[in-house]
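First, the structure itself, so that you have it in front of you.
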Amino acid sequence: MTDLPLDQRTNFPVVAAAPDAPATGAHSGGWYRWVSTVDHKLLGIMYMVTALAFFLIGGLEATLMRIQLFVPRNAWLSPNVYDALFTLHGVTMIFLVIVPVQLGMAVYMVPLQIGARDMAMPRLNALSFWLTALGGVLLYLSVAVGHPPQAGWFAYAPLSLPPFAFYAGMDYWALSLLLIGIGTLTTAMNMILTVVTLRAPGMTIRRLPLFSWMMLVDSFLILFAMPIINAALVMVLADRLLGTHFFKPVYQGSAVLYQHFFWSFGHPEVYIMIIPAWGMISEVIPVFSRKPIFGYTFVAMSTVAIALLSFGVWVHHMFTMGLPMVEYYVFSAASMLIAVPTGVKIFAWIGTMIGGSLRFTTSMMFAVAFLIQFTLGGLSGVMFSAVPVDWQLQSSYFLVAHLHYVLFGGAVFAIYSGFYYWFPKISGRLLSERIGKWHFWLTVIGFNGTFMVQHVLGFHGMPRRIYTYPDLPGWPILNFISSAGAMLLAFSTLVFLWNLYWSSRYGKQAGDNPWEAWTLEWATTSPPPEHNFDAVPPILGRRPLWRAAHPQAEDVKAHYIEEPRLVAREKRLLDWVSDNIPRSGMALFLASETLFFVSLVAAFIYYHYVPGYRASAHQALNPLRTGLYSIALFASSFTIWRAEANARAGNNSRLHGWLLGTIALGATFMAFQVLEFVGLCHRGIDITSSMFGSTFFTLVGFHGLHVLAGLLMLALLYGLLAARLLPTLKRPLATLAIYWHFVDVVWVFIFGIVYLWGAL
Amino acid sequence: MGTPLSPVSPQADALRTLILVTVALAGFIGLLVTGLVTYAVIRYRDRGTGAEPRQSGGNRKIEIAYTLIPLGIQCGLFSLTVVTMHRAEPTTTNRPPDLVIVAHQWWWELNYPGAHVVTANEIHLPAGKAMLVELRSADVIHELWVPQMAPKMDAVPGMPNHLVLEADRPGEYLGDCAEYCGAGHAWMQLRVDVQTPQDFEAWERGQSRPPSLATGLAERGRDIFQSRTCIECHAIDGLGSRGNVGPDLTHFASRATLGAGVADNTPEELDRWLNDPQSLKPGCYMPRMRLTPTEVVDLMAYLEGLR
């Protein structure tokens, strides 16, 4: 190590110098640079700014609600306005603030933490941001046209459907969530590929900074949770706009099924919101305790446990629905279990502080408040996991208190902490500690003042989501206190904005590493240059900069054993992924799509047992005919395989033929499907006919859309090849081929379940 | 509104015990964590010496302890949970229900099948008897919550649910709809009047009789009720109507409130309601009927006679 030349400025040995930066976007200044950028740092900033704007809007909605609730029987806001406010507040805070701001911080910081130059797919990164931002605009267009959604952020059916909700607001709700969801999903794919493939030499997975590790886990959670809500939203839109009956009890649909779908997404979603926060706290507390995290392995692995468990607890949102007791036992146990790995982290953070040398910067103060407040929110959550307690307190203000303690007292405080920590790196200036302390104390008092008394209100029997309340004992004074706290909380946000403004102009210059922190983002300038690093320091442990500052010392002994065979297998997989980023990205996307189809199939199977369904299916379908024309689709898998082989061999003339063959076979399949659909409609069996119509046309129709998308991509590739705009189709075709085979495999399952099992 | 902490039934009592246990547990752990954090904050603040503290990365034994101990606590909590669930659920649902509640936007339809009684929003129960309730919904998902008496139960369209309502002593208890169900959700109150068995029987007998014949102003009021289309939404025994968009008004005058608890059932409030229901309960499905003052007077005479 001492043989290597030392970098002049940082004094680190030069291990790997970054290559000359190619242009990543227009370098003309001003707004065009921002709109056209694919640089992760600029995109990260845009995510954060957009989330801040939505935070102010969502906060205004909350402030208006609390003003309305100052006194009983308040006629200031009508129920319709209030109902729209709480709906928009929930959707905005969850989907347009907490998730995007943390994804934005991750998009900015994770490449820096792992010593990379950018994310694995910079253009996809930009697309993800714009989908999210435009999804948010779409949601608020509903307000502009006078029809905001009013069914609550989770919009239970049938309240969200005709005849209870004819207005367009629910369509805006569903469509905007679909857009935002796709943006979130693609960011998650990008994040996984980035962390897996772009780590600097020496940074093994086990040496990842905890924020990056948490984002990796979080991204898998997003990958598998989003498709479930996408399927549910598709079914809601179909019910609203196409006349299907998925969730309309009047037509044999099931309101319960909607909740199963929604909460199968909804519970992982709350972990999606909190895991990045845990990552930030895991960075901040060690640095400001001047001590490494207590029990890195347990913290890292407990997060994986939570990610897995989070898919197994969703029924705890449905404990009052009258479902079978045995279901409730299982989900109660799982919900109690998931508290254990969460507790592990709280104790780990405390263990980090004990024995340390604590510096109370504003960032650290927010982190300490997080510890207490998140614990309180988690404990009220544990109370809810005990089913009979839920049977009294669910849907009351006790629940409102719980969710705000974990999401505001938890996630938002952690975000503030991370923001005060990383703002110097992003902007080059420190946020004012003086204003920061005011911000902190006003927020703590305002937050607790608003939400602590709501625990008591729940015990007094006040349900949630009521626009006003009667003059019952205790309710007026408790609501008054809560509203007063909310006014203070609103004011504290303004103090934060003031800090941002003031510090951007007059904040102290930060320098590379104002906090004496240890992870790679602090090994470059503040703000970093476009190429991020002039030189990446050697990575021999979890705290590269600590090692550089203590060249003779041994960093904390890692409690892991790197088993050689496991490491070798892991390395082979990671190397393959690094060499095949597009195909790996497609594989991740298809893993997510699998769950989308599984959700639609689940609805199909569920409704199969409705009286009259099997008879309709048997009458409508002709498995033999469909099986025959399916051969065209299966044959196209063969032809695309041959096309791929020829592309690899460079045999472009043969490639033309096999590609055309694939397109022709796929188009044949589509043509027969269209004929089948038209035939059914002629016989009076359309998407509105019955449960059979609803499920059949949606499931098979979505598969058809996937085939159509594949055909369009094939045609595009063919056109590029024929016009000689691409010399070789080797890589794009390899990626598309995976997609094409996936669509075929899905058809095998759909054919088997719909035409054979369902109709014979 | 009562509180779950003042139970009057064995089910609510079982729930309260578990609530108190979990509050105690949460309180203990909350204090423990707050105490540890406070201790760390005070004892380990940076005293400006510049010295780096000992760089300990953890302690396997402690980590295992703070994984296993909470796990043990959760196991204990789960056992207590299962026991409490048993105590709070109906023992059997195989017999015909004593009371069928159908939740509507935004009122509660009450049917006593045995006694052929149909009323709305104000349940009467005999003290000391466990009433098996079947809960249905006519439209969207609602939630019945009488904190002092029973666990919450959703009224799900398409899926009848069951619960037991009972109280060990007479009294008046309030309940609410606890699942957001649209514009009128805030005013979907339920009153539970627990009476002595004799009083309850007297009430049931009174409710199952047809109302006394309307005379004078009330007779004009009855005609207005039919001609001004009230009858399309509200059923009254003897008028041959089956409207069920709004509550059955057969014994309207025997009820303490109107509009599912939004106002007391007094002449002033009834007058306000008839003139403009939206002013009392915005968003409810009863439009302003634009009645003339004489029509209102006659109608009130009729309605107040419906005991």
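The values are calculated or read from the model by the stated rules, or taken from the named source; none is laboratory data. On a predicted model such as this, the values are computed, not experimentally measured, just so you know. Reconstructed Cβ throughout: ideal geometry from the backbone, glycine too, with neighbour counts over all protein chains shown. These area figures cover heavy atoms from the full protein model, side chains too; ligands, DNA and RNA do not enter into them. Shrake-Rupley method; radii C 1.70, N 1.55, O 1.52, S 1.80 Å.
Does any residue of the stretch A:669-686 turn out to be at positive phi and either out of contact with any Phe, Trp or Tyr (no Cβ under 6 Å at 6 or more places or on another chain) or open to solvent by 50 Å² or more (accessible area, probe 1.4 Å) (or both)?
yes
Being touching a Pro at 6+ places or on another chain (Cβ under 9 Å), under 19 Å from B:Gly27 (Cα atoms) and either among the hydrophobic types (A, V, I, L, M, F, W, C) or more than 9 Å from every other protein chain (Cβ to nearest Cβ) (or both) is the requirement here; does A:Leu393 meet it?
Spelling it out, A:Leu393 is indeed touching a Pro at 6+ places or on another chain (Cβ under 9 Å), under 19 Å from B:Gly27 (Cα atoms) and either among the hydrophobic types (A, V, I, L, M, F, W, C) or more than 9 Å from every other protein chain (Cβ to nearest Cβ) (or both).
Select from the stretch A:606-624 the residues that are outside any helix (DSSP H, G or I) and touching a Ser or Thr at 6+ places or on another chain (Cβ under 9 Å) and write down the one among them that is surrounded by the fewest Cβ atoms within 10 Å (Cβ to Cβ).
A:Gly612
Which of the residues belonging to the stretch A:263-302 are within 14 Å of chain B (Cβ to nearest Cβ), out of contact with any strand residue (DSSP E or B) (no Cβ under 8 Å at 6 or more places or on another chain), in a helix (DSSP H, G or I) and not β-branched (Val, Ile, Thr)?
A:Trp263, A:Ser282, A:Pro286, A:Tyr296, A:Phe298, A:Ala300, A:Met301, A:Ser302
Out of all the residues in the stretch A:433-442, is one or more more than 27 Å from A:Leu96 (Cβ to Cβ), of a type in the set (A, V, I, L, M, F, W, C) and within 10 Å of another protein chain (Cβ to nearest Cβ)?
Scanning the stretch A:433-442, I find no residue that is more than 27 Å from A:Leu96 (Cβ to Cβ), of a type in the set (A, V, I, L, M, F, W, C) and within 10 Å of another protein chain (Cβ to nearest Cβ), so the answer is no.
If you don't mind, another one. Name the single residue, out of those in the stretch B:273-304 being away from every other protein chain (no Cβ under 14 Å), among the aliphatic types (A, V, I, L, M) and not in a loop (DSSP other than H, G, I, E, B), that is nearest to B:Leu249 (Cα to Cα).
Among residues in the stretch B:273-304 that are away from every other protein chain (no Cβ under 14 Å), among the aliphatic types (A, V, I, L, M) and not in a loop (DSSP other than H, G, I, E, B), the one nearest to B:Leu249 (Cα to Cα) is B:Leu303.
Taking the condition in contact (Cβ under 8 Å) with a residue 40 or more places away in the chain and over 27 Å from B:Pro151 (Cα atoms), does A:Ser282 pass?
Yes; evaluated as a whole, the condition is true for this residue.
Please work out which residue is farthest from A:Ser584 (Cα to Cα), limiting yourself to the stretch A:718-734 and to residues that are open to solvent by 20 Å² or more (accessible area, probe 1.4 Å) and in a helix (DSSP H, G or I).
A:Ala722
Surrounded by fewer than 24 Cβ atoms within 10 Å (Cβ to Cβ), closer than 28 Å to A:Leu161 by Cα, more than 14 Å from chain B (Cβ to nearest Cβ) and basic (Lys, Arg): is that true of A:Arg199 in this structure?
no
A follow-up question, please. Among the numbered criteria (1) within 9 Å of another protein chain (Cβ to nearest Cβ); (2) under 30 Å from A:Ala300 (Cβ atoms); (3) without any contact (Cβ under 8 Å) to a residue 12 or more places away in the chain, which one does B:Leu77 miss?
Here B:Leu77 meets the rest and fails (3).
I need a count of the residues in the stretch A:742-760 that are part of a helix (DSSP H, G or I) and surrounded by 16 or more Cβ atoms within 10 Å (Cβ to Cβ).
Going through the stretch A:742-760 one residue at a time, the tally reaches 10.
Would you check if A:Ile350 is touching a Leu at 6+ places or on another chain (Cβ under 7 Å), at pLDDT 95 or above and assigned by TED's automatic domain parsing to the domain that holds A:Ile435?
The answer is yes for A:Ile350.
Also, quick follow-up: Taking the conditions exactly as written (open to solvent by less than 20 Å² (accessible area, probe 1.4 Å), at the interface with another protein chain (Cβ under 10 Å from one of its Cβ atoms), assigned to a helix (DSSP H, G or I) and in contact with an Asp or Glu (Cβ under 9 Å, 6 or more places away or on another chain)), does A:Ser332 satisfy them or not?
Answer is yes for this residue.
Considering each residue of the stretch A:140-174, count those that are of a type in the set (A, V, I, L, M) and farther than 30 Å from B:Ala155 by Cβ, and give that number.
So the answer is 4.
Scan the stretch B:14-56 for residues that are without any contact (Cβ under 8 Å) to a residue 24 or more places away in the chain, more than 7 Å from every other protein chain (Cβ to nearest Cβ) and polar (S, T, N, Q) and jot them down.
Correct list: B:Thr38, B:Thr49.
Something else about it: Could you name every one of the strands (runs of 3 or more DSSP E) located completely within the stretch B:117-177 that has at least 1 residues being over 13 Å from the mean Cα position of the chain (by Cα)?
Here the list reads B:117-120, B:122-126, B:131-137, B:161-165, B:171-177.
Could you check how many residues of the stretch B:143-163 are in contact (Cβ under 8 Å) with a residue 24 or more places away in the chain and surrounded by fewer than 23 Cβ atoms within 10 Å (Cβ to Cβ)?
Count: 3.
Ok, one more. For the stretch B:158-167, state whether one or more residues are within 13 Å of another protein chain (Cβ to nearest Cβ) and closer than 30 Å to A:Val81 by Cα.
yes
Next up: Take the residues of the stretch A:234-280 that are within 16 Å of the chain's Cα centre (by Cα) and aliphatic (A, V, I, L, M): which is most open to solvent (accessible area, probe 1.4 Å)?
A:Val270
If we keep just the residues of the stretch A:361-382 that are open to solvent by 10 Å² or more (accessible area, probe 1.4 Å) and facing chain B (nearest Cβ under 7 Å), which is farthest from A:Glu433 (Cα to Cα)?
Taking the candidates together, the pick is A:Val382.
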